[in-house]
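Note sheet for the following structure.
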Amino acid sequence: MAYKGDPALPERKCAKIKVEIGRKDNRTTIVYKFHYQLSTGEDKTAEFFTQALRPTDPSTGFGVFVKTNYWESLVKTGIVATDYESFALVMACGPLFDMDRRSFGRQIYANILARSTEAIHPTAMTALKNMISSYDINLDSLKYVDHSSC
């Protein structure tokens, strides 16, 4: 797994994602439950809830990160690429307001998800990185999740 990370956040390792798919108001809902460890060994969890934009297309929707007692800012989500067997590239984008400049920009997230701890084939990984960079994401901002001691 690789993700576009915030440089201020600690490294993550041993990440696992549980995906729960359901229906609400005739639309597909997907809840991603992330479990991971920080480099300090502390276990963490995060939850991301999405609902499909159209009943016939569950691959694109709106999503929010669940916080303790509120929902974080709304983002548009999409499964950008998958081979249905070993990987998926999931991206999310939403508005961001810069208070100092008093201007709007965007926050963008990219996750390369793997179905196992085995490395994704180098050709596929190159294609996924090219897709990510086509969204003006600096590949140096990607962080890789270490699974070597899980």
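Each reported figure results from applying straightforward, stated rules to the coordinates on display, with no laboratory input. All values derive from a computational prediction rather than experimental measurement. All Cβ positions, even for glycine, are placed from backbone atoms using ideal geometry, and neighbour counts span all protein chains on display.
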### Message
Where the second residue is among the small types (Gly, Ala, Ser) and loosely packed, with under 10 Cβ neighbours inside 10 Å and the first is farther than 17 Å from residue 77 by Cβ and lies in the range 22-47, which pairs have Cβ atoms under 7 Å and are six or more apart or on separate chains?
### Response
none
### Message
Against the definition (among the aromatic types (Phe, Trp, Tyr), over 20 Å from residue 27 (Cβ atoms) and assigned to a loop (DSSP other than H, G, I, E, B)), how does residue 135 come out, yes or no?
### Response
yes
### Selection within the range 130-150 - of a type outside the set (A, V, I, L, M, F, W, C) and either more than 29 Å from residue 73 (Cβ to Cβ) or under 14 Å from the mean Cα position of the chain (by Cα) (or both)
141, 143, 144, 147, 148, 149
### Task
Working carefully through the options 73, 116, 149, 59, find the one that is outside any helix (DSSP H, G or I), touching a residue at least 40 places away in the same chain (Cβ under 8 Å) and of a type in the set (Gly, Ala, Ser).
149
### Query
Among the candidates 103, 134, 148, which residue alone is closer than 20 Å to residue 13 by Cβ and surrounded by fewer than 10 Cβ atoms within 10 Å (Cβ to Cβ)?
148
